[in-house]
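The values are calculated or read from the model by the stated rules, or taken from the named source; none is laboratory data. Only a predicted model underlies this, so the values are computations on that prediction, with no experimental measurement involved. Ideal geometry is used to build each Cβ from the backbone, glycine not excepted, and the neighbour counts take in all protein chains shown.
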């Protein structure tokens, strides 16, 4: 019974036998990103939220009124990462920032390739650097860069 | 409302790496210590509730193995939250309020030494717009710290003062991992890590476990000279998206503090779960605490040792211990969860 052939074997693939739909709001955001566009959604109080949210953050109402947005914005808050971690979107020193897309009222999180910490300023104008290959995900935005 | 009081609390030393000790081994001695403090065995416990994170163990239902430490034969009434054990305490408190139990044992444990905790914490983020970017917990905290500095409310010097106080207070805490005398000037000379935060502004990675026992007034008064009564407890949550809230304040902490009745009396001590130095300042403001009147984090707080999933319970345990020892009459304990103080629990304890 010592031969390899005598050992009982069974194939086993670990898989999750369900699919997840991103739904009408995140789905629209992702589809726009794939097409190289940005969108926001109108909240109950008229503010434009980007990234769009399915529910109003204050009243919890369903949201559905989309607003097309440009791929430019301004930095509201940032930090400076000297040594990127292995999974970070950039493998050189960069800033994480909250970026208010022009026409939106709430900021989104992303990376800014600014070269140096001293280049980061409040109200700094930035634009999207699109990923070479886009597939409908937040990573379709490779990062933002000074505009 | 039934009056519920904490009668016992035990904690392992917080260590950077517990080595070959697994969760059960970390827990067993601490459980026995908490039970023997009040002359109890597991048979005296009506309800047991734990808080831990399966991602640390790297397997679904990893928390179940920890039940081995309890000796759960014959079967016991037991529950678990995939949250800090402060929320396990909240569940047990509700169970007692509902009349389904009189005495509850709560435990929390975490062994973070074998994983990259700042990266692992990305898994709690919005899975669509944030998590795929892998913004680690230190990076997000640094964003919040910069928002606070830019607001002009505090300076880097204030952050360093929080750290110096924590290290100094921790000298009196035999369980603390980081302690010592540091001047603000010394700390400010250190280079930034994820700017504007320096390494000492961030909590350490710690392994450990904690156990707490609470019961009704009638039983508590027989078990303990000065039980620590929970006179208020509440938890609230802020919006999921970081851009949806003002990062320089903690609205959920403020509301939880009001609901728990923080200012219905004098606050002798406060233990705040602030994994990053600037967050202690935000929490202090949210709860309206004056450091001249209230001792803040006399244990050293999360900056002196941070057992992920037990640190919030440890804040409650530290306040309860001060009351049981007669060092304080009334105190506030706070626990947090999520990025940049997203979810917060506040408990008021009185002797």
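Using the structure shown, decide if residue B:252 is within 22 Å of residue B:85 (Cα to Cα), crowded, with 24+ Cβ neighbours inside 10 Å and assigned by TED's automatic domain parsing to the domain that holds residue B:102. Reasoning before the result, please.
Values: within 22 Å of residue B:85 (Cα to Cα): yes; crowded, with 24+ Cβ neighbours inside 10 Å: yes; assigned by TED's automatic domain parsing to the domain that holds residue B:102: no.
No, not satisfied.
If we keep just the residues of region A:106-124 that are surrounded by fewer than 19 Cβ atoms within 10 Å (Cβ to Cβ) and within 7 Å of chain B (Cβ to nearest Cβ), which is modelled with the lowest pLDDT?
Among residues in region A:106-124 that are surrounded by fewer than 19 Cβ atoms within 10 Å (Cβ to Cβ) and within 7 Å of chain B (Cβ to nearest Cβ), the one modelled with the lowest pLDDT is A:122.
Considering every residue within region B:93-106, establish whether at least one is more than 12 Å from every other protein chain (Cβ to nearest Cβ) and under 19 Å from residue B:201 (Cβ atoms). Step through it out loud before you land on a result.
Initially, region B:93-106 is screened for residues more than 12 Å from every other protein chain (Cβ to nearest Cβ), giving B:93-106.
Filter once more, so that each one left must be under 19 Å from residue B:201 (Cβ atoms): none.
Among the residues of region B:93-106, not one is more than 12 Å from every other protein chain (Cβ to nearest Cβ) and under 19 Å from residue B:201 (Cβ atoms), which makes the answer no.
Report yes if some residue within region B:295-313 is surrounded by fewer than 24 Cβ atoms within 10 Å (Cβ to Cβ) and free of Cβ contacts under 8 Å to residues at least 60 places away in the same chain; otherwise report no.
Yes: one or more hits.
Answer with yes or no whether residue B:243 is crowded, with 17+ Cβ neighbours inside 10 Å, at pLDDT below 95 and not in a loop (DSSP other than H, G, I, E, B).
On the way: crowded, with 17+ Cβ neighbours inside 10 Å: yes; at pLDDT below 95: yes; not in a loop (DSSP other than H, G, I, E, B): yes.
So residue B:243 passes the test.
Let's see how each residue does on (1) over 20 Å from the mean Cα position of the chain (by Cα); (2) surrounded by fewer than 19 Cβ atoms within 10 Å (Cβ to Cβ); (3) assigned to a helix (DSSP H, G or I); (4) at the interface with chain A (Cβ under 8 Å from one of its Cβ atoms):
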position: B:114; (1), (2), (3), (4): yes, yes, no, no
position: B:120; (1), (2), (3), (4): no, yes, yes, no
position: B:132; (1), (2), (3), (4): yes, yes, yes, yes
position: B:138; (1), (2), (3), (4): no, no, yes, no
position: B:141; (1), (2), (3), (4): no, no, yes, no
position: B:147; (1), (2), (3), (4): yes, no, yes, yes
position: B:152; (1), (2), (3), (4): yes, yes, no, no
position: B:158; (1), (2), (3), (4): yes, yes, yes, no
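So is residue A:80 surrounded by 15 or more Cβ atoms within 10 Å (Cβ to Cβ), touching a residue at least 12 places away in the same chain (Cβ under 8 Å) and more than 17 Å from the chain's Cα centre (by Cα) or not? Please lay out each step first, then the result.
Details: surrounded by 15 or more Cβ atoms within 10 Å (Cβ to Cβ): yes; touching a residue at least 12 places away in the same chain (Cβ under 8 Å): yes; more than 17 Å from the chain's Cα centre (by Cα): yes.
Against the criterion (surrounded by 15 or more Cβ atoms within 10 Å (Cβ to Cβ), touching a residue at least 12 places away in the same chain (Cβ under 8 Å) and more than 17 Å from the chain's Cα centre (by Cα)), residue A:80 qualifies.
Quick check on this structure: which one of A:136, A:73, A:103 is at pLDDT 95 or above, more than 9 Å from every other protein chain (Cβ to nearest Cβ), in a loop (DSSP other than H, G, I, E, B) and touching a strand residue (DSSP E or B) at 6+ places or on another chain (Cβ under 9 Å)?
On the way: A:136 fails: touching a strand residue (DSSP E or B) at 6+ places or on another chain (Cβ under 9 Å); A:73 fails: in a loop (DSSP other than H, G, I, E, B).
Just one listed residue meets the conditions, A:103.
Anything in region A:96-142 that is out of contact with any helix residue (DSSP H, G or I) (no Cβ under 6 Å at 6 or more places or on another chain) and on the phi > 0 side of the Ramachandran plot? List them, or say none.
A:103, A:115, A:123
Tally up the residues in region A:129-142 that are over 11 Å from the mean Cα position of the chain (by Cα) and in contact (Cβ under 8 Å) with a residue 60 or more places away in the chain, please. If you could, list the steps in order and put the result at the bottom.
Within region A:129-142, the subset over 11 Å from the mean Cα position of the chain (by Cα) is A:129-135.
Still in the running and in contact (Cβ under 8 Å) with a residue 60 or more places away in the chain: A:130, A:134-135.
Selection size over region A:129-142: 3.
Looking at (1) farther than 30 Å from residue B:18 by Cα; (2) assigned to a helix (DSSP H, G or I); (3) away from chain A (no Cβ under 14 Å), find the lone condition where residue B:200 falls short.
The failed condition is (1).
State the number of residues belonging to region B:174-197 that are more than 14 Å from chain A (Cβ to nearest Cβ) and buried (at least 21 other Cβ atoms within 10 Å of the Cβ).
First pass over region B:174-197, keeping only residues more than 14 Å from chain A (Cβ to nearest Cβ): B:174-189.
Okay, now just the ones that are also buried (at least 21 other Cβ atoms within 10 Å of the Cβ), so B:175-177, B:187.
Here the count works out to 4.
Has region A:41-49 got any residue that is more than 14 Å from chain B (Cβ to nearest Cβ), modelled with pLDDT of 95 or more, over 27 Å from residue B:148 (Cα atoms) and touching a strand residue (DSSP E or B) at 6+ places or on another chain (Cβ under 8 Å)?
Yes: region A:41-49 contains one or more residues that are more than 14 Å from chain B (Cβ to nearest Cβ), modelled with pLDDT of 95 or more, over 27 Å from residue B:148 (Cα atoms) and touching a strand residue (DSSP E or B) at 6+ places or on another chain (Cβ under 8 Å).
State whether one or more residues within region A:81-90 are modelled with pLDDT of 95 or more, out of contact with any helix residue (DSSP H, G or I) (no Cβ under 7 Å at 6 or more places or on another chain) and away from every other protein chain (no Cβ under 12 Å). Steps first, answer last, please.
Applying the first criterion (modelled with pLDDT of 95 or more) to region A:81-90 yields A:81-90.
Cutting the leftovers down to out of contact with any helix residue (DSSP H, G or I) (no Cβ under 7 Å at 6 or more places or on another chain) gives us A:82-84, A:86, A:88, A:90.
Now drop any that are not away from every other protein chain (no Cβ under 12 Å), which leaves none.
No, region A:81-90 contains no residue that is modelled with pLDDT of 95 or more, out of contact with any helix residue (DSSP H, G or I) (no Cβ under 7 Å at 6 or more places or on another chain) and away from every other protein chain (no Cβ under 12 Å).
Given the residues B:176, B:170, B:141, which is the only one that is in contact with a strand residue (DSSP E or B) (Cβ under 6 Å, 6 or more places away or on another chain) and under 25 Å from residue B:51 (Cα atoms)? Write out each step before concluding.
Working: B:176 fails: in contact with a strand residue (DSSP E or B) (Cβ under 6 Å, 6 or more places away or on another chain); B:170 fails: in contact with a strand residue (DSSP E or B) (Cβ under 6 Å, 6 or more places away or on another chain).
From the options B:176, B:170, B:141, the qualifying one is B:141.
Here are some conditions: (1) more than 13 Å from chain B (Cβ to nearest Cβ); (2) in a strand (DSSP E or B); (3) surrounded by fewer than 20 Cβ atoms within 10 Å (Cβ to Cβ). Residue A:142 meets all but one. Which one does it not meet?
It is condition (1) that residue A:142 fails.
Conditions tested, residue by residue: (1) touching a strand residue (DSSP E or B) at 6+ places or on another chain (Cβ under 9 Å); (2) in a helix (DSSP H, G or I); (3) free of Cβ contacts under 8 Å to residues at least 24 places away in the same chain.
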{"site": "B:73", "(1), (2), (3)": "no, no, yes"}
{"site": "B:93", "(1), (2), (3)": "yes, yes, no"}
{"site": "B:101", "(1), (2), (3)": "yes, no, no"}
{"site": "B:107", "(1), (2), (3)": "yes, no, no"}
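Based on this model, can you work out whether residue A:59 counts as more than 9 Å from chain B (Cβ to nearest Cβ), within 30 Å of residue B:197 (Cβ to Cβ) and either in contact with a strand residue (DSSP E or B) (Cβ under 8 Å, 6 or more places away or on another chain) or modelled with pLDDT under 95 (or both)? Before the answer, list the steps.
Details: more than 9 Å from chain B (Cβ to nearest Cβ): yes; within 30 Å of residue B:197 (Cβ to Cβ): no; either in contact with a strand residue (DSSP E or B) (Cβ under 8 Å, 6 or more places away or on another chain) or modelled with pLDDT under 95 (or both): yes.
Spelling it out, it is not the case that residue A:59 is more than 9 Å from chain B (Cβ to nearest Cβ), within 30 Å of residue B:197 (Cβ to Cβ) and either in contact with a strand residue (DSSP E or B) (Cβ under 8 Å, 6 or more places away or on another chain) or modelled with pLDDT under 95 (or both).
Take region B:4-19 and flag every residue that is touching a helix residue (DSSP H, G or I) at 6+ places or on another chain (Cβ under 8 Å) and over 18 Å from residue B:321 (Cα atoms).
B:18
Pull up region B:272-291, narrow it to residues that are under 16 Å from residue B:164 (Cα atoms) and surrounded by fewer than 24 Cβ atoms within 10 Å (Cβ to Cβ), then point me to the one that is farthest from the chain's Cα centre (by Cα).
Among those that are under 16 Å from residue B:164 (Cα atoms) and surrounded by fewer than 24 Cβ atoms within 10 Å (Cβ to Cβ), it is B:291.
Could you tell me whether any residue of region B:14-27 is under 25 Å from residue B:346 (Cα atoms) and either modelled with pLDDT of 95 or more or surrounded by fewer than 18 Cβ atoms within 10 Å (Cβ to Cβ) (or both)?
So the first thing to find is which residues in region B:14-27 are under 25 Å from residue B:346 (Cα atoms), and the list is B:14.
After this cut, where a residue has to be either modelled with pLDDT of 95 or more or surrounded by fewer than 18 Cβ atoms within 10 Å (Cβ to Cβ) (or both) as well, the list is B:14.
Yes, region B:14-27 contains a residue that is under 25 Å from residue B:346 (Cα atoms) and either modelled with pLDDT of 95 or more or surrounded by fewer than 18 Cβ atoms within 10 Å (Cβ to Cβ) (or both).
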